[in-house]
1. Enter the accessible area of Lys209 (Å², nearest 10), with the probe set to 1.4 Å and all protein chains included.
2. What residue among Ala187, Thr34, Leu48 has its Cα farthest toward the positive end of the dipole of the chain, where the charges are +1 on Lys, Arg and -1 on Asp, Glu, each on the Cβ?
3. From the helices alone, meaning DSSP H stretches of at least four residues, give me the mean residue ellipticity at 222 nm for the chain, per-run term -39500 (n - 2.57), in deg cm²/dmol to the nearest 500.
4. From the residues Gly83, Tyr101, Leu211, which one has its Cα farthest along the dipole of the chain in the positive direction, the dipole being from +1 and -1 charges on Cβ of Lys/Arg and Asp/Glu about the Cα centre?
5. Rounded to the nearest whole Å², what accessible area per residue is found for the range 128-268 with the 1.4 Å probe?
6. Sorting Asp277, Asp289, Asp24 by accessible area (1.4 Å probe), largest first, what list results?
7. Top to bottom by accessible area (1.4 Å), largest first, where do Tyr44, Tyr189 land?
8. Cβ under 9 Å from Thr71's Cβ, Thr71 left aside: what net charge do those residues give with Lys, Arg +1 and Asp, Glu -1?
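The values are calculated or read from the model by the stated rules, or taken from the named source; none is laboratory data. The structure presented is a predicted model; accordingly, all values stated were derived computationally and were not measured. Positions of Cβ are generated from backbone atoms using ideal geometry, with glycine treated the same way; all protein chains shown enter the neighbour counts. Note: areas computed on protein heavy atoms with side chains; ligands, DNA, RNA excluded. Shrake-Rupley method; radii C 1.70, N 1.55, O 1.52, S 1.80 Å.
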Amino acid sequence: MASFKAIRIDKADKGTTAALTQFDEAELMDGDVTVRVEWSTLNYKDGLALTGKAPVVRRFPMIAGIDFAGTVEASSDPAWKAGDKVVCTGWGMGETHLGAYAEKARVKGDWLVALPQGLSARDAMAIGTAGFTAMLSVLALEKHGVSPKSGPVVVTGAAGGVGSVAIAVLSRVGYHVIASTGRATEADYLKSLGAAEVIDRNELSAPAKPLAKERWAGGVDSVGSNTLANLLSMTRYGGAIAACGLAAGMDLPSSVAPFILRGVCLLGIDSVMCPIDPRKAAWQRLASDLDRTKLSEITTEIPLDQVPEWGAKILAGQVRGRIVVKIV
Ligand code: NDP
C-alpha cells in the first residue's frame with residue numbers, strides 16, 4: 001500500500017480544510033509499530049480539529065483522529081508482533097502526531113494497549129477516548145472513596161459521549177445516578193442507560209453560590225464553567241467531583257468554600273498523557289463493567305467520508321452518545 005485513505009487537515013488562506021484524500025505512506029511519522037486501523041471514533045476534540053474551531057492541530061498536513069483500534073501490521077518493538085489487536089488513544093495523535101482517520105497509523109509501541117478480552121475493535125472505538133475518559137473519572141471517584149453507599153452521583157453533559165458511558169458504568173456498578181442534560185427529549189434514553197433521575201442543566205448553569213444544599217457525594221463533569229462550580233458547591237461533605245471537560249467553557253468561577261468547609265475534592269482527569277498502567281486498568285474495567293447492549297444503544301456508525309460533516313454536528317451538541325467510524 002504506497003498510499004492509503006485518510007482524512008487530511010491542511011492550512012488554508014482562512015483557517016483549515018478537512019477532506020478525505022489519499023495519503024502517501026512514505027509521509028508517515030516515526031514510530032516502531034505500524035497498525036492497520038479498522039475503527040476510529042468521533043470525540044469533541046475531533047470536532048474542534050476538523051472544523052478548525054480551536055487550535056488542536058499543531059502540524060500540517062495532519063491526519064485527523066485522536067484514537068483508533070486495529071491490528072499490528074509490523075513492529076520493531078519486541079512487545080508487539082504482527083496480528084496483535086491493539087487500541088490507542090491520545091498521546092497527541094491528530095494534534096502533533098499523524099492521527100487515526102486513516103487506513104494506517106505508525107506510533108510508538110509504548111502508546112498501545114492490548115485489546116482486552118471480550119472487547120472487539122469496534123466496541124473499543126464505540127467507547128473511544130470519551131468512554132475511556134468516563135472510566136478514568138469513575139476510577140478517580142472510587143480511589144477517593146466515593147462508593148454507591150456514599151450517596152448519589154451526578155453526571156453532566158449526560159447525553160454526550162463521556163456522559164453516556166459514565167452513566168452506563170456508574171449505574172452498572174450500583175450508583176444512584178443523577179443525569180444533567182439540556183435535552184429533555186433524551187430523558188428516556190438517559191433512563192435506559194441507568195440514570196435514576198434526570199435534571200435540566202439550567203439548574204446548574206447560573207453563577208454558583210459558595211455553598212449550596214448538599215445534593216450528591218460525587219460527580220463526573222464534562223461541562224466546566226458555572227456547571228462545575230455548582231457541582232462543587234452542592235457536593236456533600238468529603239465528596240469529590242472528577243472534572244474532565246469544558247463543553248460550556250474553560251473557566252471555573254468557584255470559591256474555596258467547598259474545599260475548606262466541606263473537604264470536597266476536585267479530581268483532574270486527563271486522558272491524553274495518562275500513564276500506561278491506569279490506561280490498562282481503565283480498559284480492563286470497561287471490558288468488565290460496561291454493558292454491551294447499552295454500548296450498542298449509544299453507538300451510531302458512520303463511514304470515513306462522513307467524518308468532517310459529523311465533526312460540525314458534535315460541536316453543535318447534535319450528537320447523542322458515541323459515534324464509531326468504520327475505516328475499512
Ligand atoms: P459531546 O459533545 O459528546 O458531549 C458534550 C455534552 O455536553 C453535550 O452532549 C451536552 O450534553 C453538553 N453540553 C454541550 N454544550 C453545553 C453547554 N454550553 N452547556 C452545558 N452543557 C453543554 O462531547 P464528549 O462527551 O466527547 O466530550 C465532553 C467534554 O469532555 C469535552 O469538553 C471534551 O473536550 C472533554 N474531554 C476531555 C478529555 C480529557 O482527557 N480530559 C477526553 C475526552 C473528552 P446534554 O445535551 O446532555 O446537555
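1. Accessible surface of Lys209 is approximately 140 Å².
2. Farthest towards the positive pole: Ala187.
3. Numbers: 9 runs with 96 residues, N = 328.
When only DSSP H runs of four or more count, the value is -9000 deg cm²/dmol.
4. Leu211
5. In whole numbers, the range 128-268 has 39 Å² accessible per residue.
6. Numbers: Asp277 110, Asp289 30, Asp24 70 Å².
The ranking, largest first, comes out as Asp277, Asp24, Asp289.
7. Values: Tyr44 85, Tyr189 15 Å².
Putting Tyr44, Tyr189 in descending order of accessible area: Tyr44, Tyr189.
8. It works out to a net charge of -1.
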